[in-house]
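This report concerns only the one structure given below.
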Amino acid sequence: MTNYNPKKIEEYWQKKWEEDDFYRSAMDKDREKYYVLEMFPYPSGKLHMGHMRVYSIGDVLARFSRMRGYNVIHPMGWDAFGLPAENAAIENRVNPKEWTTKNIEHMKKQQKRLGASYDWQREVNTSSPEYYRWSQWLFLLMYKKGLAYKKKASVNWCNRCETVLANEQVEKGLCWRCSSPVETRDLEQWFLKITDYADRLLYDLDTLEDWPERVKIMQQNWIGRSEGAEITFRVKEFPDEEIRVFTTRPDTLFGVTYMVLAPEHPLVENLVRGTDKEEEVLAFVSQVRKESEIERTSEESSKIGLFTGRYAINPINGEKVPILIGNYVLMAYGTGAVMGVPAHDQRDFLFAGKYNLPIRTVIQPPGEKITAETMTEAYPGEGHMVNSPGFDGLSNKEGMREITEHLRKENLGGFRITYRLRDWLISRQRYWGAPIPIIYCDKCGNVPVPESDLPVKLPLEVELSGNRVPSLAHYPDFVNTRCPTCGGPARRETDTMDTFICSSWYFMRFTSPHSEKAPFDRESVDYWMPVDQYIGGIEHAVLHLLYARFFTKVLYDAGLVKVEEPFSRLLAQGMVYKDGSKMSKSRGNVVTPDEIVKKYGADTGRLFILFAAPPEKDLDWNDQGVEGCHRFLRRIWRLIDDFQPELKSTPDHPGNREEDVALERSLHVAIKKVTVDIQERFNFNTAISAIMELVNSIYSYRQSSPAEQQNGPLLNETLSKMVLLLAPFAPHLAEEAWSRLGHGDSVHQQSWPQYEPEKLQVDEVEIVIQVNGKVRGRMTVAANCSEEELVEAARGNDRIDQLLQGKKVVKTITVPGRLVNLVVR
RNA sequence: GCCGAAGUGGCGGAAUUGGCAGACGCACACGACUCAAAAUCGUGCGCCCUCCGGGCAUGUGGGUUCAACUCCCACCUUCGGCACCA
């Protein structure tokens with residue numbers, strides 16, 4: 001008898017797998033490929049439970065798919081650029097590259113110790129020149145296509161990180177990385193024109209059938225498409241000045257009684273110049289501009305408006321309406337100006353009430369009459385148009401169309417779609433990133449670095465004496481260069497790229513990670529892409545997943561790939577909690593993969609993390625639950641350890657006792673359940689419980705069987721197949737067990753077991769007898785019993801017969817194999 | 001405010017197509033083994049009652065149905081996304 005020693009077993013097999021280069025993948029056009037990918041990590045230093053969870057899920061799918069016969073690619077790499085490396089560099093006085101390299105080494109060791117089946121030949125590191133060379137190349141591709149541009153704009157600035165941020169990287173007014181408040185600054189920055197792809201990013205969500213609905217909805221909200229009209233108002237006092245507004249309700253145009261401009265609107269200064277309102281208005285404008293994004297958006301109640309003294313002309317009826325400026329109108333959305341229709345917009349209604357602006361109803365709800373004098377809230381619903389000369393009587397839907405069309409003919413507006421999505425701000429005023437490959441020449445302007453000069457290398461000697469790693473602007477050797485066009489003195493762009501650029505295409509690089517001629521070679525990317533199964537945290541629902549989709553579409557348009565969507569199927573895994581809250585140092589509830597591996601082994605850790613909850617739900621870490629899983633593996637170990645095939649010298653036992661048939665059925669039930677649960681439902685928790693049930697059945701079988709039967713071919717087969725089912729979840733124990741059962745090869749090279757439907761059949765079934773829908777008894781009948789026989793048998797049951805005394809059966813319902821329900825009066 | 005997800009024993013969770021609610025695991029209790037403990041094996045384990053047997057139970061209140069965790073209506077709570085979005 002031997003004890004289960006996970007450390008010994010796991011280290012032994014890990015070494016062997018590595019020596020045999022076991023998980024290497026290669027293109028094979030005769031075989032169907034399967035690309036399983038976990039979001040690659042930022043090399044922060046060490047793995048946490050979230051990592052362990054995502055890798056466990058991915059590894060189960062990779063191993064399962066291999067056994068199912070697919071040509072599986074399962075790569076891993078490092079999202080290695082980013083600010084933490086700079087902070088750590090200052091703190092520890094160590095070069096960011098060194099810090100990153102050391103972390104990668106350590107984390108890679110940890111990943112290997114978890115037994116994940118990665119093809120390490122394909123490892124990529126986004127901070128290596130071999131990789132970022134192609135990130136730069138892709139930037140230049142976008143530049144040439146007009147998708148990368150530089151402009152001065154009002155942008156998000158994080159004071160703590162000392163850099164700008166993309167809109168997606170601001171969460172509730174705070175920096176996504178350091179949670180300090182984000183300010184607005186007017187700066188000249190590089191952008192990618194993701195808005196050109198807004199419609200495709202939105203509509204192609206419909207093609208992603210195997211994406212979680214919630215992720216698609218988040219992207220949909222983020223893109224924020226709304227249809228409506230753009231309408232041009234003129235300023236009465238300055239007939240040459242136009243104010244354009246965007247509205248989703250052009251049908252209410254006759255109901256406009258005022259107009260509001262954003263304080264930043266370029267027209268504001270002109271409107272009030274030299275008037276008695278000038279001082280007051282400009283003071284208000286500068287006060288609003290000083291407020292941060294949070295201040296300005298948090299005070300929901302205080303919508304402040306200020307009359308400019310000027311009037312606008314409503315293009316539909318020539319009426320003049322007062323022009324106000326208001327703190328609630330955003331320059332960044334629509335046109336920075338809105339028309340006020342108090343009767344049919346609740347916000348306008350309240351605003352009009354506050355500033356005594358007139359209300360005019362122009363839509364009447366069906367079967368009801370509303371008037372401006374009596375209404376207590378706006379009516380934003382459907383109805384027919386009134387007070388709209390020329391359009392009265394139309395439904396408001398027709399009205400939208402007709403009015404928009406009328407304006408279009410008069411050249412005063414037209415149909416328009418507005419998005420909430422903004423262009424992606426990608427330049428960062430930081431050192432540790434891929435340099436933007438642009439050169440500024442006084443003579444030639446902005447000149448892209450020629451492809452042959454890529455990569456533009458990041459200088460690696462870093463000044464670590466201050467409290468910041470200096471940005472590239474502080475390296476004269478880097479900055480000063482020659483213009484590729486005229487050869488004259490020129491300066492390099494000193495901003496680096498957002499790290500999200502590097503992670504927007506890494507999954508394609510994995511298909512040919514050593515390519516020196518292109519970001520990826522055509523044949524490989526066409527064979528392996530798209531990623532069949534992508535797994536990662538929900539926090540990337542809009543960030544990384546939107547950017548990666550955008551990149552893929554750009555590459556598709558450039559004819560570089562044949563897929564328009566990178567990830568066919570997405571699994572957004574839940575978070576790992578303990579004692580009801582997120583694991584964190586300050587709460588002192590952190591459990592690390594290291595300590596679990598040390599105490600119980602990787603197999604136990606993997607098993608628990610998969611067993612404790614379905615993958616997409618949050619998981620509550622429970623130390624005793626881990627013990628339970630460890631106990632389960634020990635139970636398996638004992639089965640294998642006790643099994644002595646050399647005793648199977650009893651061929652006279654054909655294995656057809658009742659217990660034998662039952663055991664065989666348990667095996668096939670388990671095969672079916674585990675297969676369906678992994679493949680179709682991703683319910684690893686129930687797949688594992690099915691294996692537990694099988695193991696329980698084997699234990700009962702052993703208890704009720706003679707010794708020779710306990711070592712016979714039936715048990716041999718049952719144990720072997722059980723080990724195959726276990727292989728994706730606990731790969732080391734399964735490998736050891738497989739070898740101890742006397743099989744050659746690796747368990748991970750075996751075919752996934754098939755269940756035989758006839759083995760699932762039973763002769764007799766237990767049927768529930770209900771009276772008026774309540775369970776009143778049970779009976780065992782032949783499985784092929786007819787419905788009539790079922791009812792007959794149920795009525796013949798003693799207890800049921802008693803209950804039926806003096807009652808009349810008015811209806812019977814039978815569900816074959818399950819129940820009989822007698823409806824009585 | 002809008003959109004979405006969820007709510008089941010002491011706990012994590014299961015119930016896949018409307019058909020026995022609580023699989024599997026944890027915790028707990030009892031028994032076996034042991035000098036003892038651990039480990040292991042076995043048994044029990046939703047709540048209540050008058051314990052034969054019956055009643056009540058899947059956030060709350062209604063409804064549909066022979067039958068509802070599952071479908072419909074209204075509401076409550078928690079979590080997530082978006083939000084002066086015009």
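Since every read-out is calculated from the coordinates, none of them should be taken as a lab result. Note that this is a predicted model, so its numbers are computed, not measured. Cβ coordinates were reconstructed from backbone atoms using ideal geometry, including for glycine residues, and neighbour counts include every protein chain displayed.
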Excluding residues on the same chain fewer than 8 positions from A:K673, give the lysines whose Cα lies under 19 Å from its Cα.
-> A:K721, A:K759
Taking Cα atoms, the helix A:623-642 axis meets the longest principal axis of chain A at an angle in degrees (rounded to 10) of 30
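Find how much the distance from A:K109 to A:A26 grows on full extension, using 0.36 nm per residue of separation minus their present alpha carbon separation; answer in nm with one decimal.
Between A:K109 and A:A26, full extension yields an extra 27.5 nm.
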For chain A, longest principal axis from Cα atoms; helix A:6-19 axis from its Cα atoms; angle between them, nearest 10 degrees, is 70
Take every Cα-Cα pair in the stretch A:716-790 and report what % of them are more than 13 Å apart.
-> 74
Which lysines have a Cα lying under 21 Å from the Cα of A:K582, excluding residues fewer than 8 positions away in the same chain?
-> A:K46, A:K172, A:K617
A student applying the Cα gyration tensor rule (rounded when a/c is under 1.5; otherwise prolate if a/b is larger than b/c, oblate if not) would label the stretch A:555-637 prolate
Cα pair count fraction exceeding 16 Å, expressed as % - the stretch A:323-428 | 68
A:N446-A:N589 pseudo-label distance in nm [points 7 Å out on the Cα-to-Cβ vector] = 4.9
Under a cut-off of 20 Å between alpha-carbon atoms, report the aspartates and glutamates in cross-link reach of A:K29, not counting same-chain residues fewer than 8 places apart.
-> A:D119, A:D521, A:E523, A:D526, A:D532
Inter-label distance for A:E162 and A:N5, nm, one decimal - labels placed 7 Å from Cα along Cα-to-Cβ = 5.4
Suppose every K and R has +1 on its Cβ and every D and E has -1 on its Cβ; what is the size of the dipole of the stretch A:124-188 about the Cα centre, in Debye to the nearest 20?
-> 240
Work out the FRET efficiency for A:R778 and A:Q703 from their Cβ-Cβ distance, taking R0 = 25 Å, and round it to the nearest 0.05.
-> 0.45
Please give the contour-minus-distance gain from A:S515 to A:E463: 0.36 nm per residue of separation, less the Cα-Cα distance, rounded to one decimal in nm.
-> 15.4 nm
Net dipole in debye of the stretch A:157-306 [+1 Lys, Arg Cβ; -1 Asp, Glu Cβ; about Cα centre; nearest 20] | 200
DSSP-defined antiparallel bridges as percent of all bridges, chain A, nearest 5 | 75
At what distance in nm do the modelled label points of A:E756 and A:D392 sit from each other, each positioned 7 Å from its Cα along Cα→Cβ?
-> 8.5
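What area, in nm² and to one decimal, does the C-alpha convex hull of the stretch A:42-85 cast on average over all directions? Don't skip to the end; give the middle numbers.
Details: hull surface 14.3 nm².
The orientation-averaged projected area of the Cα hull of the stretch A:42-85 comes to 3.6 nm².
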Considering only A:A352, A:W157, A:G487, whose Cα is most displaced toward the positive end of the charge dipole of chain A, charges sitting on Cβ of Lys, Arg (+1) and Asp, Glu (-1)?
-> A:W157
Enter the angle in degrees (range 0 to 90, nearest 10) between the Cα long axis of helix A:396-409 and the first principal axis of the Cα atoms of chain A, meaning the one along which they spread out most.
-> 50
Positive dipole terminus of chain A, leading residue within A:H474, A:A343, A:T207 (C-beta point charges) | A:H474
Take the Cα atoms of chain A, find their three principal axes, and give me the spread along each one in whole Å, biggest first.
-> 110, 88, 51
At a Förster distance of 30 Å, what's the computed FRET efficiency of A:T248 paired with A:S44, Cβ-Cβ distance as r, to 0.05?
-> 0.10
What does the charge count near A:G334 come to, summing +1 for each Lys or Arg and -1 for each Asp or Glu among other residues with Cβ under 12 Å from its Cβ?
-> +2
State, in angstrom, two size descriptors of the stretch A:176-284 derived from its alpha carbons: Rg to one decimal place and Dmax to the nearest whole number.
-> 20.2, 62
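Evaluate E = 1/(1 + (r/R0)^6) for A:K354 and A:S226, where r is the Cβ-Cβ distance and R0 equals 22 Å; express this FRET efficiency to the nearest 0.05.
0.30
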If each K or R counts +1 and each D or E counts -1, the residues other than A:E319 whose Cβ falls under 14 Å of its Cβ total +4
May I ask you to give the average projected area over all directions of the convex hull of the Cα atoms of the stretch A:235-343, in nm² rounded to one decimal?
-> 6.9
Base-10 log of normalised Debye intensity for the stretch A:155-201 (one unit scatterer per alpha-carbon) at q = 0.13 Å⁻¹ | -0.33
